[in-house]
Every structure is written in C-alpha cells, then in structure tokens.
Amino acid sequence: MIKSLTIRKYILIDELTIDFRSGMTVITGETGAGKSILVGALNILCGARTDTKVIRPGADKCIIEGCFDITGCALESLFEEYDIDYDDEAVIRREITANGKTRAFINDTPTNISVLRKIGERLIDIHSQHQNLLLADNTFQLDAIDLYSGDEAELSAYHTAYAAYREKERQLAEAESRKKRGDAEEEYLKYVYEQLSQANLQEDEEEQLEEEQTELAHAEEIKYALYTAVTKLDEENGGALTNIRGALAELRSVESKIKIAELAERAEQLYIEAKDIASELFDKQERINCDPARLEQVEERLSQIYALKKRYSKENISQLITLRDETKKQLDTIADSGEEIERLQKEKQKAAEQMNSAAEQLRKKRREAAARFSKKLEEMVRPLAMPNIRFSVEWQPMPEPDKNGTEQAVFCFSANKNMPLSPVAASASGGEISRLMLCIKAMIAAVHGMPAILFDEIDTGISGETAGRVGGIMEAMSAGRQVIVITHLPQVASKGDTHYKVEKDEESETVTVNILPLDHRQRVEEIARMMSGPVLTEAAIKHAGELLTEKH
C-alpha cells in the first residue's frame, strides 16, 4: 500500500504531503478543483511519460515522492535483479527538471523508467477515467479472463511453446535467406575456389621465387663475381690465403720469444675462416647455372601469383590461401543448406504441434474461466440497476497465432430483456461500462493480491441507490487492500474510512491546489455540499450525517 505521497512544484501544487491509511480513502472536491492532478502525479511516480509542462510556473524542478509498504508484495527477487536495496518500505522518487531531464530513484538507487514501471505496476493499479475505454479492447478482455482464472500455468506453457515456435520460424527464414543468397553466389564461389585451388599456393612461395628469379636473371654476373672472389682467395694462385698462411708461419716462429700467442691464434682463425669462405663461394659458384628455361618458369609462376593478388585485392599468398579456405567453407555451407532447411522445417513443424497443443489446453482453461467470469459478473452487476443484464464471452479464431493465443475474446452484453447480446463497445452506455469495469476490477482483485487500487471517477453516470451499492463494492474491496477513490458521488464518499478534499486557492497571485484531510464535521459538510451544492441545507446535512452513520 501507499503510505504517503509528497508533491513539490507540480502543476498547481506548490508543496503537499498526503498520508494514506489502509482501507478506503475517498478524495472529493468541486469540478475543476484539481482532483485529476493527484492521478497524474501517481502515474508519473509509477513510470508514466512526462515533460517539463508539469513543472509549476517559476520553479526549476518538480519532485514526486511516494513511500510504499511492500510487505508481502513478493518484490525481493525483482529488487535483487536490478540491484536495488530491499526493505519493507520502498521510497520511489521522480524528478523532472526545467531542462527536460527526468530522473528516477528507488530507495535512493538511480533507476530507469522501465524498471520503475515494472515495480510500479506491482504496487498500485491506477484506474483513470479513460481506462473505461479498455473494456472494448480485445487484449484487455483476454487479460481479464486470464487474471480471473487465477492460474497462469497454461498461459505460461503456451508462451514458452509460442516463443519456441517463433524461434524456429526465425531460424528457418534465416536459413532460407542464406540459401537464396548462396545459390546466387555459388557459381562465382566455385570459380574463385577452382582458381585458387588449381594455383596450389604455398606459404612463403612468392618470396622464394622472387629470390630465385633475381639469381637466374643475373646468373652470369653472379657466377663471374664469385669466380673472381675465389681466385683472389685461392692458395694455389697466390691469393689471400697464401699471404695469411705465410703471416701465420712468421708469427709462430717468434711465438716463444714474444707474447703474441693470442694474435697468432686469431691469425690462425682468420686463415680457417677465409679458407671456409673460399670453399663455400666455390660451391655456390658451381651451383649457379644460366638456365633460361627455369627463369621463364619462375617468371610465369610469379605472374600468376601477382595476377591472383590483384584480382582478389590481396597483399600476399597467405591472404589468398585464407580466401581459398573461406570460399571452401561457404561452398560447404551452401551444399549443406538444403539439409539444414529440411531439418529446420521438421523442427518448426514439431514446435507448431507443441504450440497448438499448448494453445488447446489454454483454450479449454479460458473457456472454463470465461463461464465463471460471466456468471460472477452478472451476479455483481445485477444489483447496480441492471437487473436484466446478460453477459457472455465469445471467441473468435485469429488468422495467425500470437503471443496471446489463437483466439480473441469478445465481451458481449445486453442490459435489456429480449435484446440480443452484442459487443460491449457497440451496446453499453458510459454508465454501464463504468459499472462493468468496477465489477471486473473487483473480481480480479479478489483473485490477485494487488496491494492498492485507485479509482478516478469510475462511478460516472451513476446516482441514487446504485451509487450506494457501487460504494459498497469499493468498500468491500478495501477489506483486502488499500482502495483510493476520487468521486463526485456523496453515497460513495460516505463509504470511506479516510476523506480528503481537494481545494483550489485562487486568492493569491498564483493559483494553488491543496489536499486537506477532513474530520467528521468537515466530512458531513463536504458530503452535504456534494448533495445540495454550495448552499448547505439542513436536509442535506442531516442526510450526510445519516450516510456516515450507516458507514460507522
């Protein structure tokens, strides 16, 4: 239940705090006094969209804060999911600033509007005047039947089966789309793969071929240079090796007479290294051949590689190999797509069968609930000046299943004898819709533990004895939950455990709305005003007192 509501700088409200109690709270006031402002503030607190127009003129920020007793509301898991500190009391706050920014807090933890909405709809059901129009909405009608049934097992099973069916439907559509794209690309992919496979590309091949091409293209020049180098080193031709060996012999001859052992050793290593170099140069010279045929082969292979790189915009052979492998995978996927589609078609069919089975169970459950719903609604509405009411729920199959099932519910109604039933939207008056909606809310509230309900002039189009009975329904509802009623009917106002009056102060420079608690004497006067107008008559005061005495 809501324990208190604090509003600052909201439209015509400067600042006020309302302390609510359990039971039935009634809020009254003259037409235009600003009763609907309270409904707007509560809607904003529970996640409704808003803008800067709600900020009181001259203020830079509007704040709406509510304190809720959430004991027994089973909100622990929801608070944990959104990392909000849980306590038996929850303080919800909305702030709207003049620059257009809006912030939301739950127990001083910043949160977003969607979370606020989820929690708010578990705390209070706000029934504003325009919600009477929902009675003609097929989705609302179906929801009402489901809520009244009190057992969500079949609905939950259908939701699971429907979600599984839609997922298979999505997977199949994607697979068919991939196959369609693949079929269009298959010839090109085959061409690419064939070219790259036949090329028989090897990692590092390009670098090796380029080295070989350079060597073959300059074979004579390289061979002559190597021959000359070997000749200049060769011992037999009096080359460098002969001189190094002679120098080493001289060093060895005086090695015992002077400390040059290290130098002699280095000279010997120089001789060995130079001899190795000469040997390797000779071997390399012997291996180099002038081979125009091989050069032509190498250049043709390089031309093939360069052409492939250019054609497919790749920088090296490694990227071409990757392209080849990826193309092969695509071709394999295309080849397998037919089997995948066949598999998904079977899985979709199985999911459809499971969905239809769940839908049939849900259909039976709804029809049973609808029969009980119709009977109970007739019983509740009949005393409200509708003695001849007949009500039933008709079912219309939908072209395609949706998340709500395979049928639409249509509320059909007749208030008169010998008149056929027709959809509520086409046959019920505003007053009849108000009574039907009130009774439906009461029926659902009896099954579901909504902690608080606010009715904003749901009693429109009702008067006299019927108004008293409508008030009695609300009073009965308040035995199990908090009920807040904005009303213009004295018979309803007299049923309240707590009474607030909305007043508009137009004496000061800026118009201000205040909401004041009434004691017994003030309640008598307010209810008398509601019966007789601004001039209170003795009869009205007496009748008001009698109404309150009946309550207490």
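The values are calculated or read from the model by the stated rules, or taken from the named source; none is laboratory data. Just so you know, these numbers come straight off a predicted model, no measurement behind them. Cβ sites come from the backbone with ideal geometry, for glycine too, and all protein chains shown count toward neighbours.
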Practice task
Could you look through region 8-33, keep only residues that are in contact with a Ser or Thr (Cβ under 9 Å, 6 or more places away or on another chain) and crowded, with 20+ Cβ neighbours inside 10 Å, and pick out the one that is farthest from residue 510 (Cα to Cα)?
Solution key: 24
Practice task
Return the only residue of 544, 540 being in contact (Cβ under 8 Å) with a residue 40 or more places away in the chain, more than 24 Å from residue 18 (Cα to Cα) and not assigned by TED's automatic domain parsing to the domain that holds residue 457.
Solution key: 544
Completion exercise
Selection from region 388-427 of residues in a loop (DSSP other than H, G, I, E, B) and within 35 Å of the chain's Cα centre (by Cα) yields 403, 404
Problem - Subset of region 142-181 (residues that are among the small types (Gly, Ala, Ser) and either outside any helix (DSSP H, G or I) or surrounded by fewer than 16 Cβ atoms within 10 Å (Cβ to Cβ) (or both)) - result: 150, 153, 156, 163, 173, 177
Completion exercise
Per the list (1) modelled with pLDDT of 90 or more; (2) under 30 Å from residue 146 (Cβ atoms), residue check on residue 519 breaks on (2)
Handout entry: Condition check for residue 120: surrounded by fewer than 16 Cβ atoms within 10 Å (Cβ to Cβ), modelled with pLDDT of 85 or more and over 30 Å from residue 394 (Cα atoms)
Key = no
Exercise for the section: Please work out if residue 98 is touching a helix residue (DSSP H, G or I) at 6+ places or on another chain (Cβ under 8 Å), in the same structural domain as residue 481 (by TED's automatic domain parsing) and loosely packed, with under 15 Cβ neighbours inside 10 Å. Expected result: yes
Practice task
Taking only region 132-141 into account, find how many residues are over 18 Å from residue 446 (Cα atoms) and buried (at least 19 other Cβ atoms within 10 Å of the Cβ).
Solution key: 2
Exercise for the section: Inspect region 484-496 for any residue being surrounded by fewer than 21 Cβ atoms within 10 Å (Cβ to Cβ), under 42 Å from the mean Cα position of the chain (by Cα) and under 30 Å from residue 377 (Cβ atoms) and give the result as yes or no. Expected result: yes
Handout entry: Every pair of residues 6+ apart whose Cβ atoms lie under 8 Å, when the first sits in region 304-322 and is of a type in the set (Val, Ile, Thr) while the second is assigned to a loop (DSSP other than H, G, I, E, B)
Key = 305/201; 317/201; 317/202; 317/203; 317/204; 321/201; 321/203
